[in-house]
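Trainee: After the structure tokens below, expect a handful of questions from me.
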């Protein structure tokens with residue numbers, strides 16, 4: 001529902017999408033942007049609706065956003081439209097958040113703030129507009145600010161957000177139909193990481209990946225802080241007299257016909273040490289000496305669609321985008337930088353994402369190993385079932401089945417060992433690192449690379465990466481003097497779920513998996529039309545396989561059992577599945593193979609005598 005307010009901000013009318021009487025609005029679009037905190041709203045109504053007379057320039061529209069905050073918009077443009085798509089004339093109403101109008105009409109007098117937090121500066125800028133700062137304690141940084149040249153409050157607000165690296169949201173509070181407060185909410189960053197995953201076919205309206213070769217550089221001159229003599233710090237003293245670093249391999253690939261390097265310079269005034277400057281320059285050159293990727297994506301807002309309630313997306317939210325149909329596949333994380341909400345039809349709502357970070361995508365070795373184990377187990381049971389059809393070769397079948405059981409038991413042990421490897425897998429650490437990156441605080445951030453960051457803060461975390469193997473080789477924390485390695489004990493890692501998209505396994509030398517059970521159901525028909533059914537089970541207690549084969553003689557079936565419970569045991573029974581009792585059986589016991597009929601043993605072969613024959 002939309003509330004219409006007159007120029008005195010008094011409510012005069014309400015309109016909705018599906019009201020039984022009154023004005024209906026349609027084709028609306030509420031846009032919120034992160035970058036310049038732009039906030040606009042537009043919608044259409046029929047001109048013959050009685051309430052449309054209130055929709056004039058200078059009046060106001062109030063709505064509740066997805067977080068139930070009340071937003072106040074000022075009508076800045078009205079269009080009367082008649083076209084082929086509508087049977088009657090329409091009005092198109094364009095609005096902008098009232099804070100934009102207010103701040104653009106307030107001039108900030110010159111003033112400087114030294115080593116100040118955001119509270120005093122924001123209060124000073126908003127003082128003449130009527131808006132009240134809120135939650136300023138969420139931004140703990142200190143900065144120097146100077147307002148000069150009689151700028152508008154809107155310009156000063158942009159200057160504050162840049163200096164303190166923060167974001168703002170403007171909303172109003174109401175009581176009994178009247179506006180009682182105007183507030184500016186401050187946050188280091190709006191939006192959460194709620195694990196929303198968007199895939200091709202489910203949420204991706206359109207995605208474009210650009211590979212850019214225009215900005216490739218193969219040599220770099222890193223420059224640091226300005227020194228006492230007025231010159232800038234360079235790396236010649238720690239780089240054999242050269243003031244630049246280079247990448248010959250990249251130069252041969254991207255500049256094969258050139259006579260020199262593709263050169264550029266880069267400056268960091270915060271670095272005062274030549275060795276640290278070289279280290280930083282090496283990392284920057286690594287980024288510049290290969291093509292860069294840019295992404296553009298439009299995402300459907302599915303939260304209001306039945307079955308997709310967990311797809312909660314807000315301005316600033318972090319999402320993961322997966323499109324395996326692209327070549328190579330796209331697996332990136334991104335931040336929602338623009339929301340476009342259609343309250344009259346939520347299925348038309350979209351968002352734009354940016355700040356892309358590539359995520360490594362690889363099928364984990366454990367999944368491949370378990371698939372192989374499943375194939376081996378299936379084939380082994382197939383062979384055992386076919387062989388057991390020959391009752392007169394029970395002695396041969398028993399020996400083969402025992403071997404199959406031992407192999408299956410070995411496979412089960414190997415599968416457990418492979419699963420244990422997942423506990424120290426590099427991809428689990430990478431996934432943990434990516435989550436840490438999205439949830440990082442304002443003071444401490446994780447860094448990734450073969451070399452440590454040049455200017456760390458206390459308690460910053462460095463994930464040391466082997467660029468060749470694409471694995472994390474260590475995790476370190478800066479204590480103000482040195483990088484201290486953080487040991488990752490396997491007990492500290494909990495793998496709740498293995499994903500074929502995000503896992504890649506290394507080696508684990510200790511640990512175990514308990515309480516797991518592997519079950520494979522057999523339903524196989526051979527070339528002769530015989531149908532084998534049964535179950536293969538592996539768990540903490542051991543291995544058990546049971547198959548049943550109809551013999552074609554009435555209700556008689558041939559049952560085969562292979563188990564490691566209490567020692568390896570193989571048994572065959574020829575039974576009537578409709579009438580209780582056994583017709584004939586072959587049973588491999590602890591030290592002998594016994595054949596019986598109607599409950600009476602007809603032949604017993606001692607194991608030691610058999611193997612001595």
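Trainee: Any chance you could count how many residues in segment 39-67 are surrounded by fewer than 16 Cβ atoms within 10 Å (Cβ to Cβ) and either at pLDDT 90 or above or part of a strand (DSSP E or B) (or both)?
Mentor: The number of residues fulfilling the criteria is 4.
Trainee: Same structure again: Is it the case, given these coordinates, that residue 264 is surrounded by 14 or more Cβ atoms within 10 Å (Cβ to Cβ) and in a strand (DSSP E or B)?
Mentor: Yes, satisfied.
Trainee: Could you tell me whether segment 344-353 includes any residue that is exposed (fewer than 15 other Cβ atoms within 10 Å of the Cβ), modelled with pLDDT under 85 and assigned to a loop (DSSP other than H, G, I, E, B)?
Mentor: Among the residues of segment 344-353, not one is exposed (fewer than 15 other Cβ atoms within 10 Å of the Cβ), modelled with pLDDT under 85 and assigned to a loop (DSSP other than H, G, I, E, B), which makes the answer no.
Trainee: Then there's this: Answer with yes or no whether residue 84 is touching a strand residue (DSSP E or B) at 6+ places or on another chain (Cβ under 9 Å) and surrounded by fewer than 20 Cβ atoms within 10 Å (Cβ to Cβ). First the steps, then the outcome.
Mentor: Working: touching a strand residue (DSSP E or B) at 6+ places or on another chain (Cβ under 9 Å): no; surrounded by fewer than 20 Cβ atoms within 10 Å (Cβ to Cβ): yes.
When the stated conditions are applied, residue 84 does not pass them.
Trainee: Turning to a different aspect of this structure: Restricting attention to segment 201-225, which residues are within 29 Å of the chain's Cα centre (by Cα) and part of a strand (DSSP E or B)?
Mentor: Those that are within 29 Å of the chain's Cα centre (by Cα) and part of a strand (DSSP E or B): 202, 203, 204, 205, 206, 207, 208, 209, 210, 211, 212.
Trainee: Under 30 Å from residue 323 (Cβ atoms), buried (at least 18 other Cβ atoms within 10 Å of the Cβ) and in contact with a strand residue (DSSP E or B) (Cβ under 9 Å, 6 or more places away or on another chain): which single residue out of 205, 217, 210, 278 fits that description? Steps first, answer last, please.
Mentor: Working: 205 fails: buried (at least 18 other Cβ atoms within 10 Å of the Cβ); 210 fails: buried (at least 18 other Cβ atoms within 10 Å of the Cβ); 278 fails: under 30 Å from residue 323 (Cβ atoms).
On inspection, the qualifying residue turns out to be 217.
Trainee: Right, here's the next one. Taking residue 154 and the conditions (1) touching a residue at least 24 places away in the same chain (Cβ under 8 Å); (2) surrounded by 13 or more Cβ atoms within 10 Å (Cβ to Cβ); (3) in contact with a strand residue (DSSP E or B) (Cβ under 9 Å, 6 or more places away or on another chain); (4) under 24 Å from residue 40 (Cα atoms), which numbered condition does it fall short on, given that it satisfies the others?
Mentor: Unmet for residue 154, out of (1) touching a residue at least 24 places away in the same chain (Cβ under 8 Å); (2) surrounded by 13 or more Cβ atoms within 10 Å (Cβ to Cβ); (3) in contact with a strand residue (DSSP E or B) (Cβ under 9 Å, 6 or more places away or on another chain); (4) under 24 Å from residue 40 (Cα atoms): (3).
Trainee: Now for a separate question. If you go through segment 160-176 one residue at a time, how many are in a helix (DSSP H, G or I) and surrounded by fewer than 20 Cβ atoms within 10 Å (Cβ to Cβ)? If you could, list the steps in order and put the result at the bottom.
Mentor: Within segment 160-176, the first condition is being in a helix (DSSP H, G or I), and the residues that meet it are 160-164.
Filter once more, so that each one left must be surrounded by fewer than 20 Cβ atoms within 10 Å (Cβ to Cβ): 161-163.
Residues flagged as in a helix (DSSP H, G or I) and surrounded by fewer than 20 Cβ atoms within 10 Å (Cβ to Cβ) within segment 160-176 amount to 3.
Trainee: Report those strands (runs of 3 or more DSSP E) wholly inside segment 441-487 carrying at least 3 residues which are farther than 30 Å from residue 137 by Cβ.
Mentor: 461-466, 471-478, 483-485
Trainee: How about segment 285-308: which of its residues are crowded, with 18+ Cβ neighbours inside 10 Å and over 30 Å from residue 344 (Cβ atoms)?
Mentor: Within segment 285-308, 285, 288, 289 meet the criteria.
Trainee: Listed residues 250, 275; which is within 19 Å of residue 450 (Cα to Cα) and touching a helix residue (DSSP H, G or I) at 6+ places or on another chain (Cβ under 6 Å)?
Mentor: Unique residue meeting the criteria: 275.
Trainee: Could I ask something else about it? Checking the condition in contact with a strand residue (DSSP E or B) (Cβ under 7 Å, 6 or more places away or on another chain), at pLDDT below 85 and not in a loop (DSSP other than H, G, I, E, B), which residue from 179, 198 passes?
Mentor: Working: 179 fails: at pLDDT below 85.
Result: 198 is the single residue among 179, 198 that is in contact with a strand residue (DSSP E or B) (Cβ under 7 Å, 6 or more places away or on another chain), at pLDDT below 85 and not in a loop (DSSP other than H, G, I, E, B).
Trainee: Turning to a different aspect of this structure: Which is modelled with pLDDT under 95, surrounded by 13 or more Cβ atoms within 10 Å (Cβ to Cβ), assigned to a loop (DSSP other than H, G, I, E, B) and not assigned by TED's automatic domain parsing to the domain that holds residue 330, of 272, 259? Before the answer, list the steps.
Mentor: Working: 259 fails: surrounded by 13 or more Cβ atoms within 10 Å (Cβ to Cβ).
Testing whether each residue is modelled with pLDDT under 95, surrounded by 13 or more Cβ atoms within 10 Å (Cβ to Cβ), assigned to a loop (DSSP other than H, G, I, E, B) and not assigned by TED's automatic domain parsing to the domain that holds residue 330 leaves just 272.
The values are calculated or read from the model by the stated rules, or taken from the named source; none is laboratory data. This is a predicted model, so every value here is computed, not measured. All Cβ positions, even for glycine, are placed from backbone atoms using ideal geometry, and neighbour counts span all protein chains on display.
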